[in-house]
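Some notes on the structure that comes next.
The values are calculated or read from the model by the stated rules, or taken from the named source; none is laboratory data. Just so you know, these numbers come straight off a predicted model, no measurement behind them. Note that we place each Cβ from the backbone using ideal geometry, even for glycine, and neighbour counts take in every protein chain shown. The protein model used for the area step is the full one, side chains on, heavy atoms only, and it has no ligands, DNA or RNA in it. Shrake-Rupley method; radii C 1.70, N 1.55, O 1.52, S 1.80 Å.
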Amino acid sequence: CADMAMYQVKGQGKNGCAAFLPHMQTTYLNRLSIENDLREAIKQGDQFELYFQPQIEALTGQATGLEVLIRWHHPKEGMISPDVFIPIAEETGLIVAISDWVLWKACSHFAALSAMGFDNLRLGINLSPREFDRSDFMERIQLPLEEFGVPPQLLDIEITESLLMKDVESIVARIQRLRDTGIHISIDDFGTRYSSLNYLRRFSVNRIKIDQSFVRDLGLSQDSYAIIQAIVGIAKNFKLNVIAEGVETAQQLEILHQLGCSEMQGYFFSRPLPFEKTLEFLKTTPQY
Ligand code: C2E
Ligand code: CA
Ligand code: CA
Ligand code: CA
């Protein structure tokens, strides 16, 4: 089938392999065009927007932080989900430029919020494992913080377990350097990957985020209940904060609360909001 792509391009695919070629090719071309369009978007800058999802202390209803989530308004395709373009950005290395944009933009929004009195909200930023491979990663994180006067304690970097799985000395050291400046580290999508938990001893993290897949099944599945119970127990024993993601119903809130998880995030409280709407939300919400 080596020449199939060529046949297909010429519209001459006639044998058995042709049946699955169009799909494969579309996927391939889509990836390529997304990559090209991403490069263009990074150059232009104005196709990206940041949304903010409030994090809430359920008992008091106070907002404790905002998770920053990127949106891409593609000029032709409309909104493209970060679940689609972030993995491509990671594979191609474009994620570095995107993360820079996110960090600078988020810090500038923080300064605006701060000027309006919302100066005590944690800013949750998603960083990809690849960032940590870069030798200048400290500067790239610290520069926008300094520029916009964001206290390091209010930056909460969300990383996934896959970074910690590498378990190399340099990652331990890098995370420690971030922690030494006061920056917080959260483990995102906790419990969804193969993990030994061993890393919790070695990495100095502040918070674990219970993945929304467990929260979704709460009340439906005894397993999810048991898993969340176990995660909250782990958090307690390791003296870590814990926050549940994807909380959509009062019933989920109730069960999470009983299990001892008090901080939450999800559509039940608010969807991710553009900046102006975030402001409106905060104006009617008690602050931490
Ligand atoms: P994530 O970090 O796990 O973010 C949570 C996702 O769940 C977000 O999707 C959010 O909109 C969605 N969500 C929040 N509450 C609920 C809920 O109650 N129910 C349901 N069903 N979903 C909820 P989003 O914004 O589409 O982002 C998808 C993923 O893309 C993120 O997953 C994160 O891994 C990645 N991502 C988003 N923004 C960035 C970014 O700036 N940088 C990097 N590196 N990755 C990002
Ligand atoms: Ca996240
Ligand atoms: Ca997550
Ligand atoms: Ca996720």
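Brief remarks follow.
- Residues located in region 126-149, provided they are in contact with a strand residue (DSSP E or B) (Cβ under 9 Å, 6 or more places away or on another chain) and surrounded by fewer than 20 Cβ atoms within 10 Å (Cβ to Cβ): N126, S128, P129, F132
- For region 34-71, filtered to residues that are within 16 Å of ligand 4 (Cβ to nearest atom) and not hydrophobic (A, V, I, L, M, F, W, C), the residue that is surrounded by the most Cβ atoms within 10 Å (Cβ to Cβ) is Q55.
- Any hit, region 181-192, residues being open to solvent by 50 Å² or more (accessible area, probe 1.4 Å), away from ligand 4 (no atom under 16 Å from the Cβ) and within 23 Å of L66 (Cα to Cα): no
- F190, sole failed condition from (1) more than 16 Å from ligand 3 (Cβ to nearest atom); (2) under 19 Å from the mean Cα position of the chain (by Cα): (1)
This table checks each residue for (1) within 16 Å of ligand 3 (Cβ to nearest atom); (2) among the β-branched types (V, I, T).
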position	(1), (2)
A106	no, no
A112	no, no
N126	yes, no
F132	no, no
I141	no, yes
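- Members of region 163-215 found to be away from ligand 1 (no atom under 15 Å from the Cβ), acidic (D, E) and at pLDDT 95 or above, listed by number: D180
- Of everything in region 268-288 that is buried (at least 18 other Cβ atoms within 10 Å of the Cβ) and of a type in the set (A, V, I, L, M), the residue that is farthest from L50 (Cα to Cα) is L282.
Rundown of residues vs (1) in contact (Cβ under 8 Å) with a residue 60 or more places away in the chain; (2) open to solvent by 50 Å² or more (accessible area, probe 1.4 Å); (3) away from ligand 2 (no atom under 16 Å from the Cβ); (4) not hydroxyl-bearing (S, T, Y), yes/no style:
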residue	(1), (2), (3), (4)
L200	no, no, yes, yes
S204	no, no, yes, no
V215	no, no, no, yes
Q229	no, yes, yes, yes
V232	no, no, yes, yes
K239	no, yes, yes, yes
E248	no, yes, yes, yes
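- Selected residue (only one of Q176, Q153 is within 22 Å of Q265 (Cα to Cα) and open to solvent by 40 Å² or more (accessible area, probe 1.4 Å)): Q153
- Residue list for region 48-83, restricted to those being basic (K, R) and away from ligand 1 (no atom under 15 Å from the Cβ): K76
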